[in-house]
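One structure is given below, encoded as structure tokens.
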Amino acid sequence: MNAARAKLAASDQGETLLIRGVEVPVTTTSIEQSHLRFFVENPRVYSILRADGVEPSQAEIERKLLEMDHVKALIQDIKRDGGLTDPVVVRAGSLEVLEGNSRLAAYRALGRLDPIKWARMKCRMLPEKIDESLIFALLGQYHIKGKKDWAPFEQAGFLYRRSKAHDIESDQLALEIGLSKRKVEHLIATYQFMLDHGEADTARWSYYDEYLKSSTIKKARLKVSGFDGLVVAKIKSGEIARAVDVRDRLPVICDAPKTLQKFASGSYDFEDAHEHAVEAGADSAPYRRLAKFRQWLAKPEVEAALGRAQGETRKKIVFEFDKLASRLEAIRGKLRSKT
């Protein structure tokens, strides 16, 4: 444990909060809700209110949160319960609400109806000098590995800012949050892709999530200049209408070379391209499996590995090739007789 974290280590007395293996001392108290501040890094509103790079005001954050359906429902829940069931988590000194911004917005709304009853909020106070990495780990525990109430776009934005603003590597982020390194890198890459292509509609997250997942689409992106821009434009225009079309239909187009060429040149729109690709056999599961096997067998490293086989293993490989050749010749003959 480094010196900064050693200072946060819990004593034998008092309340603590466990964050990524560190016992952080906390104090539960009641604070005037008007003194509390929204956390400007809150993923729920960051992507909307900081899209232009300008830090939002406290009033703007409150307004945006109060527009959200889950906060409207939360207002009724708190009113019915007569208060909070879980205290908000606050950093001492700045009085930023690190966890519980929606609850603070709900209290502000209730406070306008009854300023006395809803004047104070139950808070768990973290030390003023708490390490930033522990704050992000805490939020990750709550919203990514815990109740997971942040949308994927919000999770990705949170990780993106941690990566860029604080210069944290993906393997360290994976440890902080408890996700795989591959998952962290995919979330950050998808978020970056949307930023790079001016995609501000967070509802389209799943389109780009699917787009960057596909290995078949990846090959087309490498092969066709400007392919990313083409697909983004078709998503924005509605020509590619659903995320499931990116997942299921776009790879079919990408797997048919001639159709892909005409799609990229603008000769085919998305529907036409998919139809022609299906007619060309790109949507055939047996064809895809056969093509994948052929491509694997054609790799120089596969040929080299097979050539290094010795003894009994070499005999078994030759046996399989003999059987395969015989079976291929029989099936090819049947197919040719039907054409």
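Accessible surface calculations at 1.4 Å, restricted to protein heavy atoms, place the chain at 57 Å² per residue. Segment Lys236..His35, full-extension length gain: 68.1 nm, with 0.36 nm per residue of separation and the alpha-carbon distance subtracted. Against the longest alpha carbon principal axis of the chain, how many degrees, from 0 to 90 and to the nearest 10, is the axis of helix 132-143 turned? Between the helix axis and the principal axis of the chain, the angle is about 70 degrees. Summarising the amide proton neighbourhood of Glu99: residues at separation of 5 or more, or on other chains, whose placed amide H is nearer than 5 Å comprise Val89.
Ligands, DNA and RNA left out, the accessible area of the chain computed with a 1.4 Å probe is 51% carbon and sulfur. Taking amide H positions as modeled 1.01 Å from N, with prolines and chain starts lacking one, the residues under 5 Å from Glu23 and 5 or more places away or on another chain are Ala10.
For Lys299, the lysines whose Cα comes closer than 17 Å to its Cα, not counting residues fewer than 8 places off in the same chain, are Lys219. Remark: the chain is approximated by an ellipsoid whose semi-axes, taken from the C-alpha gyration tensor as √(5λ), come to 54, 27, 16 Å, largest first. Converting phi to 3J(HN,Hα) with the Karplus coefficients 6.51, -1.76 and 1.60 and the offset θ = phi - 60°, the stretch 194-203 yields 5, 4, 4, 9, x, 8, 9, 7, 5, 5 Hz in sequence order, with x at every glycine or proline.
Which one of Gly333, Phe193, Tyr207 has its Cα pushed farthest toward the positive end of the charge dipole of the chain, where Lys and Arg give +1 and Asp and Glu give -1 at the Cβ? My answer, from the dipole projection, is Gly333.
For Tyr268, the residues 5 or more places off, or on other chains, whose built amide H falls under 5 Å of its own are Phe263. Placing +1 on the Cβ of each Lys and Arg and -1 on the Cβ of each Asp and Glu in the stretch 59-111, which of Pro87, Ala109, Leu98 has its Cα farthest towards the positive end of the resulting dipole? The residue sitting most towards the positive pole is Ala109.
With the simple model of a label 7 Å out from the Cα in the direction of the Cβ, Lys338 to Asp86 spans 5.8 nm. The 3J(HN,Hα) values that the Karplus relation (6.51, -1.76, 1.60; θ = phi - 60°) gives for the stretch 221-229 are, in residue order, 4, 6, 7, 9, 5, x, 5, 4, x Hz. Gly and Pro appear as x.
Relative to the longest principal axis of the Cα atoms of the chain, the long axis of helix 152-165 lies at roughly 80 degrees. For the stretch 253-299, the square roots a ≥ b ≥ c of the C-alpha gyration tensor eigenvalues yield an a/c of 1.5 or more together with a/b not exceeding b/c, which makes the shape oblate.
Stretched out straight at 0.36 nm per residue, the stretch from Ala309 to Leu113 would grow longer than its current Cα-Cα span by 62.5 nm. In order along the stretch 260-265, the phi-based Karplus estimate (6.51 cos²θ - 1.76 cosθ + 1.60, θ = phi - 60°) of 3J(HN,Hα) comes to 4, 4, 6, 5, 5, 7 Hz; Gly and Pro are listed as x. Please report the net charge: other residues with Cβ closer than 12 Å to the Cβ of Glu329, K and R +1, D and E -1. Summing Lys/Arg as +1 and Asp/Glu as -1 gives +4. Go from 0 up to the bin containing the longest alpha carbon distance in the stretch 74-174, width 5 Å each, and give me the % of pairs per bin. With 5 Å bins starting at 0, P(r) equals 3, 11, 19, 20, 18, 14, 9, 5, 2, 0.
A simple spin-label model places the labels of Arg63 and Ala200 1.5 nm from each other, with each point 7 Å out along Cα-to-Cβ. For the cross-link pairs Lys183/Lys316; Lys292/Lys338; Lys79/Lys181, the ones whose C-alpha atoms lie over 31 Å apart are Lys183/Lys316; Lys79/Lys181.
How large is the dipole of the chain about the Cα centre if only Lys and Arg carry +1 and Asp and Glu carry -1, each at its Cβ, rounded to the nearest 20 debye? Result for the chain is approximately 1360 debye, rounded to the nearest 20.
The residues packed around Ile317, meaning those with a beta-carbon under 12 Å from its beta-carbon, carry a net charge of +1 if Lys and Arg are +1 and Asp and Glu are -1.
The values are calculated or read from the model by the stated rules, or taken from the named source; none is laboratory data. A quick note: this is a predicted structure, and the numbers were derived from the prediction, not measured. Please note: Cβ atoms are built from the backbone with ideal geometry, for glycine as well, and neighbour counts cover all protein chains shown. Side chains included, ligands, DNA and RNA excluded: accessible areas come from the protein's heavy atoms. Shrake-Rupley method; radii C 1.70, N 1.55, O 1.52, S 1.80 Å.
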